[in-house]
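Worksheet: the structure to be examined is printed underneath.
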Amino acid sequence: MKSSNDFYNRVFKVVKQIPYGRVTSYGAIARYIGAPRSSRTVGYAMNASHGEQDVPAQRVVNRNGLLTGKHHFQGTNLMQQLLESEGIVVIDDKVQNFKKVYWDPNIELPAFKE
DNA sequence: CGGCTGACGTAAC
DNA sequence: TGTTACGCCAGCC
């Protein structure tokens, strides 16, 4: 197996492991699952995360801390509201103190374990 | 089977 | 330091 389906599965799994009040980037997840060049595909996988209620896609932003995928959410600023509800300061679709709330699975997590 | 698109990232200018 | 161009992998037409 280890096919595209697994790729999505890994992305979902990592995103689900994101702690409360923290955010991460697509590239970090991509690198963690073993696809450092598939950052774009990670975001694409997030598109399918809509079927996964346990996947806090709002905690996943780009390297700049910008809420690039907020447009894909139901509401116009639903993503921002969710992040602010977690204590994350979001101004102009940009995560403030991104360095503080940034959560890197490659650092926080020892290794990928199924 | 070929080509285009896309919630990104890095390099180059 | 800001902007532009390219690459990357997976999904869809």
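The values are calculated or read from the model by the stated rules, or taken from the named source; none is laboratory data. Predicted model only: the values in this text are computed from it and were never measured. When we count neighbours, we look across all protein chains shown, and the Cβ atoms used for this are built from the backbone with ideal geometry, even at glycine.
Among the residues of region A:18-35, those identified as under 16 Å from A:Phe98 (Cβ atoms) and within 16 Å of DNA strand C (Cβ to nearest atom) are A:Ser25, A:Tyr26, A:Gly27, A:Ala28, A:Ile29.
The listed residues are A:Gly87, A:Gly27, and the only one of them that is within 25 Å of A:Ile107 (Cβ to Cβ), of a type outside the set (A, V, I, L, M), loosely packed, with under 15 Cβ neighbours inside 10 Å and modelled with pLDDT of 90 or more turns out to be A:Gly87. Screening A:Tyr20, A:Tyr32, A:Tyr8 for residues that are touching a residue at least 12 places away in the same chain (Cβ under 8 Å), of a type outside the set (Asp, Glu) and under 19 Å from A:Leu83 (Cα atoms) leaves exactly one candidate, A:Tyr20.
Out of all the residues in region A:43-62, is one or more modelled with pLDDT of 95 or more, more than 16 Å from A:Gly27 (Cα to Cα), more than 16 Å from DNA strand C (Cβ to nearest atom) and of a type in the set (S, T, N, Q)? No. Report whether or not A:Gly69 is crowded, with 17+ Cβ neighbours inside 10 Å and modelled with pLDDT under 95. So A:Gly69 passes the test.
Can you confirm whether A:Arg40 is surrounded by fewer than 18 Cβ atoms within 10 Å (Cβ to Cβ) and either within 16 Å of DNA strand C (Cβ to nearest atom) or outside any helix (DSSP H, G or I) (or both)? Please lay out each step first, then the result.
Details: surrounded by fewer than 18 Cβ atoms within 10 Å (Cβ to Cβ): yes; either within 16 Å of DNA strand C (Cβ to nearest atom) or outside any helix (DSSP H, G or I) (or both): yes.
Criteria met by A:Arg40.
The set of residues in region A:67-88 being assigned to a loop (DSSP other than H, G, I, E, B) and free of Cβ contacts under 8 Å to residues at least 40 places away in the same chain consists of A:Leu67, A:Phe73, A:Gln74, A:Gly75, A:Thr76, A:Asn77.
If only residues of region A:48-67 that are within 7 Å of DNA strand B (Cβ to nearest atom) and over 11 Å from the mean Cα position of the chain (by Cα) are counted, the one that is farthest from A:Lys100 (Cα to Cα) is A:His50. Scanning region A:37-66 for residues that are touching a residue at least 24 places away in the same chain (Cβ under 8 Å), out of contact with any Ser or Thr (no Cβ under 6 Å at 6 or more places or on another chain) and basic (Lys, Arg) turns up just one, A:Arg59. Checked against the criterion of being in contact with a Phe, Trp or Tyr (Cβ under 9 Å, 6 or more places away or on another chain) and surrounded by fewer than 17 Cβ atoms within 10 Å (Cβ to Cβ), region A:2-13 has no qualifying residue.
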